[in-house]
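Engineer: Below is the structure I would like to discuss, written out as structure tokens.
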Amino acid sequence: MCVILSAELEKEPYWQEIENYVNKRIKEEGLNDSLYIRRATLKEETQFRESDNTMLVAHREDGTREMIVGYEKYFNFAEIQESAKLYPDKSILLMHLWIAQVVTRGKYFGGCDS
């Protein structure tokens, strides 16, 4: 299985690198895991502003877990840790995702203070 990006995120270069890194690690470690990542809707962006969160994790109708990220936001380490507690079966995937984010955003934007 793998990380799947929404069409919108696929257009952003650093997201493509994040996806490639995580998918490579999942394959190397023999994990059977998947996660769909997409941008937040306007309503979800409002939730982000009100809660100071940078991401939401939800279930899709088909049973896939979905990670929703705010516009111009990156995954906060504390939120990744909290999500890993809520979804222990996704903890390794979430940590790979955070690591990939730090590396690629650092390359594109000169660092990440997460």
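The values are calculated or read from the model by the stated rules, or taken from the named source; none is laboratory data. All of these numbers come straight from a predicted model, not from anything done at the bench. Neighbour counts are summed over all protein chains in view; Cβ atoms, including those assigned to glycine, are modelled from backbone coordinates with ideal geometry. For the accessible areas, the whole protein counts, side chains as well, though only heavy atoms, and no ligand, DNA or RNA atoms are used. Shrake-Rupley method; radii C 1.70, N 1.55, O 1.52, S 1.80 Å.
Engineer: Among the residues in the stretch 83-103, are any at pLDDT 75 or above, of a type in the set (Val, Ile, Thr) and not in a helix (DSSP H, G or I)?
Structural biologist: Checking the stretch 83-103: not a single residue is at pLDDT 75 or above, of a type in the set (Val, Ile, Thr) and not in a helix (DSSP H, G or I).
Engineer: Another question, then. Can you tell me which of LEU56, LEU97 is crowded, with 16+ Cβ neighbours inside 10 Å and touching a residue at least 60 places away in the same chain (Cβ under 8 Å)?
Structural biologist: LEU97
Engineer: Oh, and also: So, of the residues in the stretch 1-20 that are open to solvent by less than 20 Å² (accessible area, probe 1.4 Å) and β-branched (Val, Ile, Thr), which turns out to be nearest to GLU66 (Cα to Cα)?
Structural biologist: My answer is VAL3.
Engineer: Further question on the same structure: Does the stretch 11-33 contain any residue that is touching a strand residue (DSSP E or B) at 6+ places or on another chain (Cβ under 6 Å) and more than 15 Å from ILE99 (Cβ to Cβ)?
Structural biologist: Scanning the stretch 11-33, I find no residue that is touching a strand residue (DSSP E or B) at 6+ places or on another chain (Cβ under 6 Å) and more than 15 Å from ILE99 (Cβ to Cβ), so the answer is no.
Engineer: Now, a different point. Mind listing whichever residues of the stretch 21-40 are open to solvent by 40 Å² or more (accessible area, probe 1.4 Å) and either among the charged types (D, E, K, R) or in contact (Cβ under 8 Å) with a residue 24 or more places away in the chain (or both)?
Structural biologist: TYR21, LYS24, ARG25, LYS27, GLU28, GLU29, LEU31, ASN32, TYR36, ARG38
Residue-by-condition table, conditions (1) charged (D, E, K, R); (2) under 12 Å from the mean Cα position of the chain (by Cα):
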site	(1), (2)
LYS43	yes, no
GLN47	no, no
GLU50	yes, no
VAL57	no, yes
GLU61	yes, no
ASN76	no, yes
SER83	no, yes
LEU86	no, no
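Engineer: Is it the case that some residue within the stretch 55-75 is among the polar types (S, T, N, Q), in contact with a strand residue (DSSP E or B) (Cβ under 8 Å, 6 or more places away or on another chain) and closer than 18 Å to ILE18 by Cα?
Structural biologist: No: zero hits.
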